[in-house]
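Just below is one structure, and these are the notes that go with it.
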Amino acid sequence: QVQLVESGGGLVQAGGSLRLSCVASRITFSSYLMNWYQQAPGKQRELVASISAGGTTTYADSVKGRFTISRDNAKNTVYLQMNSLKPEDTAVYYCKAVWGGAFYWGKGTLVTVSS
């Protein structure tokens with residue numbers, strides 16, 4: 001079945017950086033819109049960044065200028081480079097693949113930013 005597997009989370013001090021990866025299998029990855037979401041403790045899951053099949057990117061206002069989404073279609077992988085991390089970025093980060101009416105979620109990776 002389709003799998004999305006996130007990695008790269010961990011504990012980092014405020015101001016630090018992390019790079020998250022999400023590897024997809026059993027989908028035509030290059031055709032999919034890929035998204036990163038964050039879900040902070042006690043809050044709803046929120047869209048952080050998206051990258052279209054053509055490479056167009058969009059970001060939530062809260063991460064603009066700090067986070068960068070990218071994709072490597074040869075590796076079926078989407079990345080989220082997170083710089084200048086803040087304690088409020090602490091969350092589980094999920095990737096989501098979307099194509100037409102189909103969508104798939106990964107299980108998430110935890111990012112904890114200490115002050």
Given the options SER84, SER21, SER62, state which has the largest fluctuation in a GNM of the chain using a 10 Å cut-off (strictly under) for Cα springs. SER62
How much of the DSSP bridge set in the chain is antiparallel, in percent, rounded to the nearest 5? 90 percent
With a cut-off of at most 16 other beta carbons within 10 Å, and DSSP calling the residue loop, which trypsin sites (Lys or Arg not before Pro) in segment 1-77 qualify? Please list them. ARG26, LYS43, ARG45, LYS64, ARG66
So for the chain, averaging the separation of alpha carbon pairs under 8 Å that are six or more residues apart and normalising by length, what relative contact order in percent results? 36 percent
Could you work out what % of the accessible surface of the chain is carbon and sulfur, using a 1.4 angstrom probe and leaving DNA, RNA and ligands out of the count? 49 percent
Taking the solvent-accessible surface of protein heavy atoms with a 1.4 Å probe, what is the per residue accessible area of segment 58-115 in Å²? 52 Å²
Stokes-Einstein D for the chain, Kirkwood Rh over Cα pairs, 4 °C, 1.567 mPa s (µm²/s): 93 µm²/s
Rounding to the nearest 20 debye, state how big the charge dipole of the chain is about its Cα centre with +1 on each Lys and Arg Cβ and -1 on each Asp and Glu Cβ. 140 debye
Starting at the first residue of segment 9-25, write each ³J(HN,Hα) from the Karplus equation 6.51 cos²θ - 1.76 cosθ + 1.60 with θ = phi - 60°, in whole Hz, x for Gly and Pro. x, x, 9, 9, 7, 3, x, x, 9, 9, 10, 8, 10, 9, 9, 9, 9
Under a 5 Å amide H to amide H cut-off, with H placed in plane at 1.01 Å, what residues pair with VAL48 once short-range neighbours are removed? TRP36, TYR37, GLN38
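The values are calculated or read from the model by the stated rules, or taken from the named source; none is laboratory data. This structure is a prediction, so every number in the text was calculated from the model and none was measured. When we count neighbours, we look across all protein chains shown, and the Cβ atoms used for this are built from the backbone with ideal geometry, even at glycine. These accessible areas exclude ligands, DNA and RNA; they are computed on the full protein's heavy atoms, side chains included. Shrake-Rupley method; radii C 1.70, N 1.55, O 1.52, S 1.80 Å.
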